[in-house]
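These notes are about the structure you will find just below.
Bear in mind that the values in this text are calculations on the coordinates, not laboratory data. Keep in mind that what you see is a predicted model, and the values were worked out from it rather than measured. For neighbour counting, all protein chains shown are included, and Cβ atoms are generated from backbone atoms with ideal geometry for every residue, glycine included.
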Amino acid sequence: MIRIAIVDDADVICEAIEAFLNCFSRENKMIIEYDSFCSGSEIIDQLSKTYYDCIFLDIEIGEMSGIDVSRYLREILKNEITEIIYISSHRQYAIDLFDFDPITFLLKPIDEQMLIKGFTKFLKRLKINEEVFTFKKGRDLHRIPLKDILYFESSDHKIILHTLNDSYNFYDKIERLVALLEPQKFLFVHKSYLVNSKHIQNFEYDTITIDNGEVIPISQSKRKIIREWQLENEIEETGWRF
């Protein structure tokens, strides 16, 4: 799943980008969530609570400009990961924005082909980083290589990320992580556990054992799905057909 923020005080611009994202997600079978904001202060308030993969950011949005938002994102939050696509009616801003490493600069009225080109460039950058899981705790942004993650545990409205050496707590929903990480061969074995299949040592009927020796339950509702997954992957690895 991809999270997008759209920041523009013109409804017509927000609606155009929203329509583009809806169309793009349908045609490419991607899950894209977006939030729209009409001022810099609104997005800054949200940035302290929500991580976005990309921000479509108007430069002239009232008292707090897009440049102010960028400075807050990069210098205060120390977030160098969220990508920025700038929007403006004035080309002269472009040079002033290089310090914030934007994806591109879109002139109003937005040309659809330039929008597609900019979003495609964002997706390419995102793919480069897809082997890393990114999460936010307070104002700190953490990046953990997927290969180092043993499993995610949902507990008391929090997520606990377990690696061989550490654990990290942060707020998120297990369902979002499932949608994000199932393509990376993470298995949703229980309503509270999402496990990295690369760290599974042994399958039993109702449990799995992972590399650190922990035993994790497989819920009754998941056993058939997990068994089917196990058989499919045995076929992929051996080339056998039953």
(request) Set the Förster radius R0 to 45 Å, insert the Cβ-Cβ distance between residue 45 and residue 185 as r into 1/(1 + (r/R0)^6), and round the FRET efficiency to 0.05. (result) 0.80
(request) Please give the direction-averaged projected area of the C-alpha convex hull for region 11-114, in square nanometres with one decimal. (result) 6.6 nm²
(request) Just round it to a whole percent: the fraction of Cα-Cα distances in the chain exceeding 28 Å. (result) 42 percent
(message) Please state the shape class of region 106-173: rounded when a/c is under 1.5, otherwise prolate if a/b exceeds b/c and oblate if not, all from the C-alpha gyration tensor.
(response) prolate
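Considering only Cα-Cα distances, which of the following residue pairs are longer than 28 Å: 29/222; 78/185; 147/222; 121/158; 108/173; 29/198?
Working: 29/222 25 Å; 78/185 30 Å; 147/222 23 Å; 121/158 33 Å; 108/173 36 Å; 29/198 26 Å.
Correct reply: 78/185; 121/158; 108/173.
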(request) Give the angle, between 0 and 90 degrees and rounded to the nearest 10, that separates the Cα long axis of helix 11-28 from the longest principal axis of the Cα atoms of the chain. (result) 30 degrees
(request) Please list 100-110, 138-148 highest first by mean number of surrounding beta-carbon atoms within 10 Å per residue. (result) 100-110, 138-148
(request) Calculate one ³J(HN,Hα) per residue across region 104-113 by plugging θ = phi - 60° into the Karplus curve 6.51 cos²θ - 1.76 cosθ + 1.60, and present them in order as whole Hz with x for glycine and proline. (result) 6, 10, 9, 8, 7, x, 5, 7, 4, 5
(request) Compare the Cα positions of 119, 12, 184 along the charge dipole of the chain (+1 at Cβ of Lys, Arg; -1 at Cβ of Asp, Glu; about the Cα centre) and return the one farthest towards the positive end. (result) 184
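As an exercise, take the mean of 1/r over every pair of distinct alpha carbons in region 120-242, invert it, and state the Kirkwood radius in angstroms. Before the final figure, lay out the partial values.
Values: mean 1/r = 0.0644 Å⁻¹.
Evaluated on region 120-242, it is 15.5 Å.
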(request) Give the distance, in whole Å, between the Cα centre of region 174-202 and the Cα centre of region 25-71. (result) 29 Å
